[in-house]
Amino acid sequence: MSVASYTLEHFYYGQVVRDGKPQGELRLLALSAGVKSEHFSEIVSAARILPVRGNPMLSVALVRGGKQTPYVLVQSQVGDQGQVICHYIVLPVELLRGLGGNLTALNVLLEQKMPTFERTDSTLPKLTLPPYEPPSSSAQQDSMLKLMTATRDRMDVIEAMLASVIIGVPVLIKSAPADYAQRLGLVEGLLALLPHPARFGVTFALHVNNATIASAQVKFITDDTPIPENSLVYQWGALKAEGAKPENEYARFIRSQLRLDTELVVQQTNTLTPVAAWRIRRGENLADALKYASYRLTIDNAVTNALPIEAKEAARVLGEDPTLTDEMRLNYVRHLLAFIMATDEAENADLLVVVRGNAPLEQSILDQLGELAASGKSLRVYRALVRWLAHPSGFRGMYWIEMAHRAALTYAQSLVRTRDTKAMNLFLHQVREASNVIEARLIVPRLLEIALPLAASDPTLAQTAMVLGASSLPADHWQRFVSLKPLLAQLPRSLSRLIAYLNSEVTTPATPGLMAQAALEFGASWRALMLIRLAEMALHMGRLDAFDTQALAGLAQAAVTSWGEAHDGVLRHLVHQFSDDTALSRLSDDAPRYLLQILLSRRAYSELAAELNRHGRVLYPSGKQLEYAAMVRTLFAGTPILPGNVPEALSTLAAQGVRALPLVMAHFGALQQHQWSPALKPIANQLTALMLEHRLVTEAVPIDLLLELLRFHCSQQDVKSAVSVASLMAMPAARMGEQGIAPMTEMYRALQWNNNRDSQVEAAEEARKGGLENLRRFIRACDEATARIATNQLGTLGEPILEALKATYIVRRLLGGENIADYAYALHTTANFLQDTGSAFADRSRLPLLNTLIGDLDALSGGLSDADRKIIADSLLDIIKFIGGLAQQHRSNRPKDNDETIQSLLDARTPAQSVLDMFRVMSGYFGRGQRIFVKLERGIDNHPLGDRTATALLRELQIIARLLKNALLTFPFSGRISVEPAALNGEIESLWGDIPLHERRELVADLTLDLQRISEMILLITNKIEVKTLLESNGTTKKLDSQRQRPENTLEFYRFVHGYFRGRTRS
């Protein structure tokens, strides 16, 4: 086939001729329009071919030009005026491919005499290469003969030259005739030995001397030309080549063919053409492409003639090589299938999956398999088919399944004919294992029918047949099959008894555990399957009485297996049969929980939620809700659930109205089931939020579960969640008494993170603070005895903890169990009372008159009962005692109470050594160190009790007495008192944080003032007063009690009022 003509870019490079003489250096003389300056520079630097005087056609070369001009044909000669001139012609790759080694076609581009140039600005028209054809078979043979003539028929020399061309070793020809045709003939002879696609890349230079620049594979050199290392040198007409001794499998293969016939070489190169072209297009170099091509011919020959060949290599060629003809592909398939059947090794069957999707080849395999199965090789055919159908890239479709069925049934029938029970047992095992792959359910009924005569006389085969039937038969077939008497006779007695019971063949009740025992007789591997299929039969027969606790326990375990997945409908139907209150209440022990476990395993979450609510209502009345919650946790902890299914399960329960406590316990169970996997962190966060939303639920959650949740959040270094969980532990731990100390210790230790990373230091500090805060809450919530013990035991966690908890314990006693907002009200009431009554006696020159005091008391005494009057009288006596005690405590521990000391306490720079010191430190916290100076000013005719009513006085005195009593009892021990202000303020800050912001804004000013007022008033009204005498019965107190003596100070006034109300009490 001729190829269309080409138009080619070209240029002349040489010397200008002026006045009949060559001028100067070689330069660009003329060029066609498509030649760019960068093209010119690239080409000239790559190829400098010097001319031969008197032989204008000898200096010719085909060389590589550069990136933009891959190939260039160069001719150089000496002109008539002695000028050197070179002609460069750019050859496209497509042109050279089309030539197919027909270098003679390029002769039309060469010139016997090149033009003379007197100027350098000429523009040339493009050259035209006329239509040409690749070399014919005879032309190629002629070229081979020319090569053989040049080498004197030395095949070793030809092989060496060809190998050099293929692997890139330079071929240097010396002493060649100075004839263009002979030299070009040798090159064409070498090209004729290559497949067509490999020919275009071979370069040559027909004349090279020591000044030539040309990158060519084949060079005809002069004697003075340097010979580079690793070159093949051949002296024209010599018997051998010198220098490098390259080897190449393709060259060796061609040599073997050339010995036989040149026409055979042409046929082989034509055959190899598509193979080599494919490999070269894949990016392989010429050597590797030709190596594979020759190798392919060897494999083709072996496959066609049934010769031994590596099967894996044949399969690789069949799967990869697109150049195989359809006929050759069939040969490969037949060869590989014969190998597979001969070896009967399963992995060898994989060799043929490479033809999947090729319909003709697949049909060819199926046809051959049918013939093989019919000829006694049905087992081998079956094994190969199972292997293919199971392979991820294997054959698919009904034809392959049908062929597997044919082979299986054919083989089973052959075993019955030979009474080979052992082989039948083995084969049924194999069918069961491949059941899903070959869709065995379609042939199992027939297969079991074939095997039944053998199974009826062999227990092992009978059991195998029963398992196969259970795994494949539909419900109606299964019920009939499992009831076959000949088969049951060979099976365990428990199965026969169960089937007889289900079929109502006996009237006696079933033995407990009968269904579970019958299933277990088939071994642990098949227990789940047999139990499900036996349960299916019991449901079909309406025998719910067959389901006892053991059976339901086994079915709950079976629900999580692949058999549970396959028989999901049976298991859900089973639970549905027990979904009415009556049927549910008849179950005993843990049987109801197993029903729930089945639903959870089968991902029937909506049904599970409904049944959970039913179980809670029917089985766990109000007094058993803690048992109900524990059951739910056990349910989720004991049922394997994929982590990805946990969120859906729990969210469905919440959406379906499962109450907070069982929902919380379901979360705990799911987390425990997965051993608190980090993958379930969202579930742990959800659980934490749920408990914070329903804090009362925490009362029913065992504290060890809270600790597990806390440890999980700590392991994730989730400080917010960890501190939140810790906050839920104080109250439950406090109710445990001394037993709660240990979990609170664990709580604090869990929150101690040792992380030196800057990004985590702040979080670690926040966790530590959260731990301490919850220890404080625990101390506040404990009973008195536990609080004292816990303070000391928890103090072993460190000195700062001890100081902080001592402050918590002391403030706890000081506040008497009140929150700080209520305590602020009591403080304000006390401060006002002390200041009102103290102001009345501050100025001794203006003390209230006796009659005035009695008159004022008479005015407010109405409306009180005797009990009320007694309370007022007792409260005032207590107040005298408590005030005296607090004053004595303070003066004993701090004899020097000056302004500097007071300010130091307000600024939290000095330890508190008394309750009054504590009041000052606390006031400094609220007032930021502000000092309040108390002014005692008595108003005109102002009664010491002000405008208080009798009931108001009663209420206030009770409040004041309780506050002062708690204050005096703050320190339950004797000895030196010392409370660090930082620890005290830390406790106050903790309590203050529990108060809403708007309340804090309202209370802060009063707290600042009242705490200092109380301290100052107690010290003022006890100054220089012998408090003890006012508590005794003596002359002064008797006169005060009978209102016969005017009080001279505030404490005497309290005794005076005490006596007034005591004297008006009838009992």
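Tell me which residues, restricted to the range 886-915, are under 29 Å from Ser1033 (Cα atoms) and crowded, with 19+ Cβ neighbours inside 10 Å.
Result: Leu886, Ala887, Gln889, His890, Val915.
Have a look at Ser1042, Ser1015 and point out the one that is of a type in the set (Gly, Ala, Ser) and surrounded by fewer than 21 Cβ atoms within 10 Å (Cβ to Cβ).
Values: Ser1015 fails: surrounded by fewer than 21 Cβ atoms within 10 Å (Cβ to Cβ).
Ser1042 is the lone residue from the list that is of a type in the set (Gly, Ala, Ser) and surrounded by fewer than 21 Cβ atoms within 10 Å (Cβ to Cβ).
Could you go through the range 228-245 and let me know if any residue there is free of Cβ contacts under 8 Å to residues at least 12 places away in the same chain, not small (Gly, Ala, Ser) and not in a helix (DSSP H, G or I). Show your work before the answer.
Taking the range 228-245 and keeping what is free of Cβ contacts under 8 Å to residues at least 12 places away in the same chain, we get 229, 242.
Subset that is not small (Gly, Ala, Ser): 229, 242.
Right, trim to not in a helix (DSSP H, G or I) and you get 229, 242.
The answer is yes; a qualifying residue exists.
Filter the range 606-627 for residues that are under 30 Å from Ser562 (Cα atoms) and either crowded, with 19+ Cβ neighbours inside 10 Å or in contact with a Lys or Arg (Cβ under 9 Å, 6 or more places away or on another chain) (or both) and give the result. Can you show your working first?
At the first step, the residues of the range 606-627 found to be under 30 Å from Ser562 (Cα atoms) are 606-615.
Scanning the range 606-627 gives Glu607, Leu608, Ala609, Glu611, Leu612, Asn613, His615.
Conditions: (1) touching a residue at least 40 places away in the same chain (Cβ under 8 Å); (2) of a type outside the set (Val, Ile, Thr); (3) surrounded by fewer than 21 Cβ atoms within 10 Å (Cβ to Cβ). Leu834 meets all but one. Number of the miss?
(3)
Counting just the residues of the range 1016-1051 that are in contact with a Gly (Cβ under 7 Å, 6 or more places away or on another chain) and of a type in the set (S, T, N, Q), which one comes out nearest to Asn851 (Cα to Cα)?
So, considering only residues that are in contact with a Gly (Cβ under 7 Å, 6 or more places away or on another chain) and of a type in the set (S, T, N, Q), the one nearest to Asn851 (Cα to Cα) is Gln1043.
Just a yes or no: is a residue in the range 729-741 within 32 Å of the chain's Cα centre (by Cα) and in a helix (DSSP H, G or I)?
no
When you go through Leu145, Leu172 one by one, which is the residue that is over 60 Å from the mean Cα position of the chain (by Cα), among the hydrophobic types (A, V, I, L, M, F, W, C) and surrounded by 17 or more Cβ atoms within 10 Å (Cβ to Cβ)? Before the answer, list the steps.
Working: Leu145 fails: surrounded by 17 or more Cβ atoms within 10 Å (Cβ to Cβ).
Sole residue among the options that is over 60 Å from the mean Cα position of the chain (by Cα), among the hydrophobic types (A, V, I, L, M, F, W, C) and surrounded by 17 or more Cβ atoms within 10 Å (Cβ to Cβ): Leu172.
Checking the structure you have, find out if any residue of the range 939-954 is surrounded by 20 or more Cβ atoms within 10 Å (Cβ to Cβ) and under 26 Å from Asn774 (Cβ atoms).
no
Could we say that Glu989 is within 60 Å of the chain's Cα centre (by Cα) and either assigned to a loop (DSSP other than H, G, I, E, B) or more than 21 Å from Val934 (Cβ to Cβ) (or both) here?
Values: within 60 Å of the chain's Cα centre (by Cα): yes; either assigned to a loop (DSSP other than H, G, I, E, B) or more than 21 Å from Val934 (Cβ to Cβ) (or both): yes.
So Glu989 passes the test.
Looking only at helices (runs of 4 or more DSSP H) that lie completely in the range 808-902, which have at least 2 residues being at pLDDT 95 or above? Full working, then the answer.
On the way: elements: 820-840, 850-860, 866-893.
In the range 808-902, 820-840, 866-893 are the helices (runs of 4 or more DSSP H) which contain 2 or more residues that are at pLDDT 95 or above.
Against the conditions (1) out of contact with any Ser or Thr (no Cβ under 9 Å at 6 or more places or on another chain); (2) outside any helix (DSSP H, G or I), where does His943 fall short? Just the number, please.
With (1) out of contact with any Ser or Thr (no Cβ under 9 Å at 6 or more places or on another chain); (2) outside any helix (DSSP H, G or I) applied to His943, the lone miss is (1).
Please work out which one of (1) modelled with pLDDT of 85 or more; (2) of a type outside the set (D, E, K, R); (3) closer than 22 Å to Gln140 by Cα; (4) surrounded by fewer than 19 Cβ atoms within 10 Å (Cβ to Cβ) is the condition Tyr250 fails and give its number.
(4)
Can you tell me which residue within the range 70-84, out of those that are within 60 Å of the chain's Cα centre (by Cα) and free of Cβ contacts under 8 Å to residues at least 60 places away in the same chain, is surrounded by the fewest Cβ atoms within 10 Å (Cβ to Cβ)? Steps first, answer last, please.
Residues of the range 70-84 within 60 Å of the chain's Cα centre (by Cα): 70-72.
From what is left, the residues that are free of Cβ contacts under 8 Å to residues at least 60 places away in the same chain are 70, 72.
Values: Pro70: 15, Val72: 23.
My answer is Pro70.
Touching a residue at least 40 places away in the same chain (Cβ under 8 Å), in a loop (DSSP other than H, G, I, E, B), surrounded by 14 or more Cβ atoms within 10 Å (Cβ to Cβ) and touching a Pro at 6+ places or on another chain (Cβ under 9 Å): is that true of Leu50 in this structure? Don't jump to the end; show me each part of the working.
On the way: touching a residue at least 40 places away in the same chain (Cβ under 8 Å): yes; in a loop (DSSP other than H, G, I, E, B): yes; surrounded by 14 or more Cβ atoms within 10 Å (Cβ to Cβ): yes; touching a Pro at 6+ places or on another chain (Cβ under 9 Å): no.
Taking the combined requirement at face value, the residue does not satisfy it.
Out of everything in the range 691-746 that is more than 24 Å from Thr786 (Cβ to Cβ) and in contact with a His (Cβ under 7 Å, 6 or more places away or on another chain), what residue ends up being surrounded by the fewest Cβ atoms within 10 Å (Cβ to Cβ)?
Per the stated criteria, the residue is Ser721.
So which of Leu461, Leu447, Leu454 ends up being within 27 Å of Leu366 (Cα to Cα), surrounded by 16 or more Cβ atoms within 10 Å (Cβ to Cβ) and not small (Gly, Ala, Ser)?
On the way: Leu461 fails: within 27 Å of Leu366 (Cα to Cα); Leu454 fails: within 27 Å of Leu366 (Cα to Cα).
So the residue among Leu461, Leu447, Leu454 that is within 27 Å of Leu366 (Cα to Cα), surrounded by 16 or more Cβ atoms within 10 Å (Cβ to Cβ) and not small (Gly, Ala, Ser) is Leu447.
Let's see how each residue does on (1) hydrophobic (A, V, I, L, M, F, W, C); (2) over 17 Å from Trp563 (Cα atoms); (3) out of contact with any Pro (no Cβ under 7 Å at 6 or more places or on another chain):
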site: Ala489; (1), (2), (3): yes, yes, yes
site: Pro492; (1), (2), (3): no, yes, yes
site: Arg497; (1), (2), (3): no, yes, yes
site: Thr507; (1), (2), (3): no, yes, yes
site: Ala519; (1), (2), (3): yes, no, yes
site: Gly542; (1), (2), (3): no, yes, yes
site: Asp545; (1), (2), (3): no, yes, yes
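For the range 398-412, enumerate the residues that are under 13 Å from Val386 (Cβ atoms) and of a type in the set (Phe, Trp, Tyr).
Residues satisfying the conditions are Trp400, Tyr411.
Only residues that are touching a residue at least 12 places away in the same chain (Cβ under 8 Å), hydrophobic (A, V, I, L, M, F, W, C) and part of a loop (DSSP other than H, G, I, E, B): list them for the range 285-323, please.
Once the filter is applied, which keeps residues that are touching a residue at least 12 places away in the same chain (Cβ under 8 Å), hydrophobic (A, V, I, L, M, F, W, C) and part of a loop (DSSP other than H, G, I, E, B), the range 285-323 yields Ala306, Ile309.
Look through Gln217, Gln257 and report the one residue that is buried (at least 16 other Cβ atoms within 10 Å of the Cβ), among the polar types (S, T, N, Q), in contact with a Pro (Cβ under 7 Å, 6 or more places away or on another chain) and outside the structural domain of Cys86 (by TED's automatic domain parsing). Write out each step before concluding.
Working: Gln257 fails: in contact with a Pro (Cβ under 7 Å, 6 or more places away or on another chain).
Only one candidate passes the filter, namely Gln217.
The values are calculated or read from the model by the stated rules, or taken from the named source; none is laboratory data. Here the structure is a predicted model, which is why all the values come from computation and not from measurement. So basically every Cβ, Gly included, is an ideal-geometry build from the backbone, and we count neighbours across all protein chains shown.
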